[in-house]
Amino acid sequence: MNGAHDLGGMHGFGPVEVEEDEPVFHSLWEKRMFALTLASGFHGKWNIDMSRYAREQMPPAEYLATTYYEHWLFGLQKLLVEQELVTAKELQTGHAEAKESAVRAVPASEVDALLRKRRAARLDENVPPRFRAGEQVVARNINPTGHTRLPRYARDRRGVIERDHGVFIFADTHAMSRDKKPQHCYSVRFTARELWGTDASARDSVFVDLWDDHLDRA
Amino acid sequence: MSNHDHAAEDDHEHDRPLSGPALRVKALESLLTEKGLVDPKALDALIDTYETKVGPRNGARVVARAWADPAYKERLLADASAAIAEFGFFGRQGEDMVVLENTPVLRNVVVCTLCSCYPWPVLGLPPVWYKSAPYRARAVIDPRGVLKELGTEVPDDVEVRVWDSTAELRYLVLPARPAGTEGWSEEQLAAIVTRDAMIGVAELTVSAPEQ
């Protein structure tokens, strides 16, 4: 979706402000929000692409006016209700209507193993690549109202396949219908001038990780 | 996204009346606990992992070994996930790693314009500036301007490559080893590697040899 999250290339946000000796979290609620998101995700009722899509659906004005973990709060509440782990009324009142749930809370003893899984998005399926390293491609001009990992600034731009990373879950369909649609994912190199025009440095480039379904032969 | 009000909140916020997101998150935690969906002790374990166990010191060890051991560096550039796993660093948000080597003529910079993708097992959780609108907006269109603002002026004859983490590949920059570190141990080398250098927005220098 063409949401406020798709920030690449925008102007007007001011300087990048680096905080010296920044703590991992800035408040207790940020810590709890981070952990609630991961712990709720352990139930497997949604995938990471659905999580990202949930956060992207925060209204643009609100997204830009709030902090990072407020985006996470918005996203988690949305997923919990959509996937029927809690009801909208329970969220509103803060009290459980029914205590029994079919799922079991992950205990502290299982956290480490769950964080240390080695496979996530990479798949073993034998799908042939549509492109080879060095091949010229053009990113599709798509504007779906659903989730996509093809940023606006790269759409309809010409690039070169830098590297084939192998077969991965396709985020765009995985977020919308849980369809993994296994396909190759590539680093695609776009020159800065192709993306931003002749004022950009002739030497520089931006590499974007895109899937077969984002690309056509140029 | 507004900046954090660093002074206003701390761990003692529960001693004061809560408002805004703090109140809503507390309510959500009680609801999910009451429904048996989360165990507060598991939440503590998750927080502890990323506050005390996983962070940029992990990545610094990887970089130091790559500087000290050419065979390791070769493995790291060929199959970053496997080479990094030699240290026991792997898992969530670092399943498929790619290492980008800086050279005298090439500077790599990592960003996630769409959200906040970041290699957790080697760098921990991302700093606020990495997740902020200014960095996500500008890193791709004006990387030289961002680097200059952060203290690194890139000469015109040096190439800048920006890596937008739009899929599940996670990027770690292998900074150039600073002059004056010849003969240093891996431990000494690791101590000078910064998080920002491994994101690609800072260069490393040493003022005088450490003895």
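The fraction of Cα-Cα pairs per 5 angstrom bin, counted from 0 for segment A:136-217, comes to 3, 16, 25, 24, 17, 9, 4, 2, 0 percent, rounded to whole percents. Averaged over peptide B:117-126, the number of partner chain Cβ atoms lying within 10 Å of each residue's Cβ comes to 1.
Please list, by residue number, every one of the GluC sites (Glu not before Pro) in segment B:120-211 that is coil in DSSP and has at most 14 other beta-carbon atoms within 10 Å.
Numbers: sites: B:GLU149, B:GLU153, B:GLU159, B:GLU168, B:GLU182, B:GLU186, B:GLU187, B:GLU203, B:GLU210; in loops: B:GLU153, B:GLU168, B:GLU182, B:GLU203, B:GLU210.
Loop-located and lightly packed - B:GLU153, B:GLU182, B:GLU210.
What does the charge dipole of the protein assembly as shown about its Cα centre add up to, to the nearest 20 debye, if the Cβ of each Lys and Arg holds +1 and the Cβ of each Asp and Glu holds -1? Intermediate values should be presented prior to the final figure.
On the way: 52 positive and 66 negative charges, 252 e Å.
That gives the protein assembly as shown a dipole magnitude of about 1200 debye.
Residues considered: B:PRO70, B:PRO40, B:PRO56. Largest GNM mean-square fluctuation over chain B, using C-alpha springs under 10 Å, is found at B:PRO40. Between the amide H of A:GLY166 and those of A:CYS185, distances stay under 5 Å, these residues lying 5 or more places away or on another chain, with hydrogens modeled in the peptide plane. Residues A:SER177, A:SER187, A:SER201 in ascending order of nearby Cβ atoms (within 10 Å, fewest first): A:SER177, A:SER201, A:SER187.
Tell me the relative contact order for segment A:71-172 as a rounded percent, counting alpha carbon contacts under 8 Å between residues six or more apart. Relative contact order here is 25 percent. Relative to its Kirkwood radius, the Cα radius of gyration of the protein assembly as shown gives an Rg/Rh of 0.96. Computed over the Cα atoms of segment A:124-170, the ratio of the radius of gyration to the Kirkwood radius (Rg/Rh) comes to 0.99.
Run the numbers on chain B and let me know its relative contact order in percent, using alpha-carbon pairs under 8 Å that are six or more apart.
Details: 286 pairs, mean separation 49.3, N = 211.
After rounding, I find 23 percent.
Farthest towards the positive end of the charge dipole of segment B:21-86, among the residues B:PRO40, B:SER81, B:LEU23, is the Cα of B:LEU23, using unit charges on the Cβ of Lys, Arg, Asp and Glu.
By the gyration tensor of its Cα atoms, with a ≥ b ≥ c the square roots of the eigenvalues, what is the shape of segment B:112-203: rounded for a/c under 1.5, prolate for a/b over b/c, or oblate? Since a/c reaches 1.5 but b/c is at least a/b, the shape of segment B:112-203 is classed as oblate. Here is how the number arises for chain B: DSSP H runs of 4 or more residues each give -39500 (n - 2.57), the sum is divided by the residue count, and the result at 222 nm is -11000 deg cm²/dmol. Here r is the Cβ-Cβ distance between A:ARG178 and A:GLU22 and R0 is 41 Å; the resulting FRET efficiency, rounded to 0.05, is 0.70. Mean projected area of the convex hull spanned by the Cα atoms of chain B, taken over all viewing directions: 14.6 nm². Only the Cβ atoms of Lys and Arg (+1) and of Asp and Glu (-1) were treated as charged; on that basis the dipole of chain B about its Cα centre amounts to roughly 340 debye.
Rank by packing, highest mean first: peptides B:89-98, A:14-23, with packing defined as the count of other Cβ atoms within 10 Å averaged across residues. List each step's numbers first, then the result.
On the way: B:89-98: 21.2, A:14-23: 12.7.
Highest-to-lowest ranking by the protection proxy: B:89-98, A:14-23.
What does the average come to when, for each residue of peptide A:148-154, you count the partner chain Cβ atoms lying within 10 Å of its Cβ? Spell out each step's value before the answer.
Working: counts 2, 8, 2, 5, 2, 5, 4.
Shielding by partners across A:148-154 averages 4.
Give me the log10 of I(q) over I(0) for segment B:97-139 at q = 0.18, 0.34 Å⁻¹, as the Debye formula computes it from C-alpha points; what are the numbers? Each listed q corresponds, in turn, to -0.60, -1.17.
Using the Cα centre as the reference, give the magnitude of the dipole from point charges on the C-beta atoms of segment B:102-203 (Lys, Arg: +1; Asp, Glu: -1; all else neutral), rounded to the nearest 20 debye. Mind dumping the intermediate values first?
Details: 10 positive and 13 negative charges, 80 e Å.
With Lys and Arg at +1 and Asp and Glu at -1, about 380 debye.
3J(HN,Hα) along segment B:185-193, derived from phi through the Karplus expression 6.51 cos²θ - 1.76 cosθ + 1.60 where θ = phi - 60°, amounts to 6, 4, 5, 5, 5, 4, 5, 9, 7 Hz, with x in place of Gly and Pro. Over segment A:28-115, Cα pairs under 8 Å with separation of 6+ residues give a relative contact order of 32 percent. Computed over chain A, the per-residue total of -39500 (n - 2.57) for DSSP H runs of n ≥ 4 gives a 222 nm mean residue ellipticity of -8500 deg cm²/dmol, rounded to 500. Averaged over peptide B:19-26, the number of partner chain Cβ atoms lying within 10 Å of each residue's Cβ comes to 6. Less than 5 angstrom separates the built amide H of B:LEU100 from those of B:LEU172, B:VAL173, B:LEU174, all sequence-distant by 5 or more or on a different chain. Calculated FRET efficiency, A:ASP164 to A:ASP112, Cβ-Cβ distance, R0 = 41 Å: about 0.80 to the nearest 0.05. Applying a 4.7 Å Cβ-Cβ cutoff to the protein assembly as shown leaves A:CYS185, B:CYS115 as cysteine residues with no disulfide-compatible partner. Compared with the dominant principal axis of the Cα atoms in chain B, helix B:56-68 is inclined by about 10°.
The loop-placed GluC sites (Glu not before Pro) in segment A:57-120, going by DSSP, that have at most 10 neighbouring Cβ atoms within 10 Å of their Cβ come out as A:GLU84, A:GLU97, A:GLU100. Debye-formula intensities of chain A, expressed as log10 I(q)/I(0) at q = 0.09, 0.18 Å⁻¹, are -0.48, -1.42 (one equal scatterer per alpha-carbon, no solvent).
Only the coordinates and a few stated rules stand behind these numbers; no lab work does. These figures come from a predicted structure and were not determined experimentally. Counting neighbours? That spans all protein chains shown, and the Cβs are built from the backbone with ideal geometry, glycine included.
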